[in-house]
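Here is the structure we will look at, set down as structure tokens.
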Amino acid sequence: MPPMCWPVPAPVVKSTLTVPSDGVLSSGNPASATYIAWHKARNASVLLGIRKPLRTGGSSITGYQYTLNDGATWSAVSGSTGNSKTLAIAGLTNGTNYTIKVRAVNGAGGGAASNAHVFTPRTVASAPVITSLTAEQNAITVNFDAPSDNGGSEVTRYSCSFNGTRWRFCFEDVNSPQVLSGLKNGKIYSIRIRALNASGWSAASNSLEATPQK
């Protein structure tokens, strides 16, 4: 009777899964570059319009990050998702010039950096303050303090209102004092002013009264 042969079992190979020190496993490749199509500078913030990467790298985009220092550091865009078409970045300083780039984040981490956009956050100036009025013949001299905060953009003009009427340009430049001429002697004028910068008109100043006299 011939000897019986038994199959030799194949050796068991144990696979080893190496987990990165941060505990996050990569999946696929990083996404290709996001494209910033437009931006709108706002009060201490900026709104970006983006086009998502053409290639996601094999895993879904979960959000976006931004950098203000050419990639030295990246921060998550609060509230962003893979479906985001706009990104809002807050906590900026009005009047400061920024250069921003963004990137998509997927299972493999941050993708390629986008094109750069340069912007300056800004808002309207604070209200100017009329410090005094001096009545003259057919005129009133207005002494005023410029807005304490220009909103991040230079004040370029002032307008004034007499007795609650419509606003009109009435100063030759932005320096104090300014003379309002062509007024009627003996008439009481209640005067307010406001300042204009690149974001629009400030709130109105305080109101003071004066009466031109002969």
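Nothing in this text is a laboratory measurement; each read-out follows from the coordinates by a stated rule. These numbers were taken from a predicted model, which means no experiment stands behind them. Neighbour counts are summed over all protein chains in view; Cβ atoms, including those assigned to glycine, are modelled from backbone coordinates with ideal geometry.
At R0 = 35 Å, how high is the FRET efficiency between residue 179 and residue 97 if r is their beta carbon distance? Nearest 0.05 is fine. Walk me through the numbers on the way to the answer.
Working: r = 37 Å, r/R0 = 1.05.
Calculated value: 0.40.
Bridgeable lysines around residue 101 (alpha carbons under 16 Å apart, same-chain partners fewer than 8 residues away excluded): 40, 52, 85.
Straight-distance candidates among the aspartates and glutamates for linking to residue 187, with alpha-carbon spacing under 19 Å and chain neighbours fewer than 8 residues away dropped: 136, 209. The ellipsoid that matches the Cα gyration tensor of region 53-158 has semi-axes, each √(5λ) in whole angstrom, of 48, 12, 10, with the longest given first.
Annotation: for a label point projected 7 angstrom from Cα along Cα→Cβ of residue 120, residues of region 191-214 with backbone N closer than 17 Å are 196-201. Treating each Cα of region 129-210 as one equal point scatterer and applying the Debye formula with no solvent, the log10 of I(q)/I(0) at q = 0.13, 0.18, 0.19, 0.25 Å⁻¹ comes out as -0.37, -0.69, -0.77, -1.30. Calculate, in whole percent, how much of the Cα-Cα pair population of the chain lies beyond 24 Å. Everything past 24 Å amounts to 62 percent.
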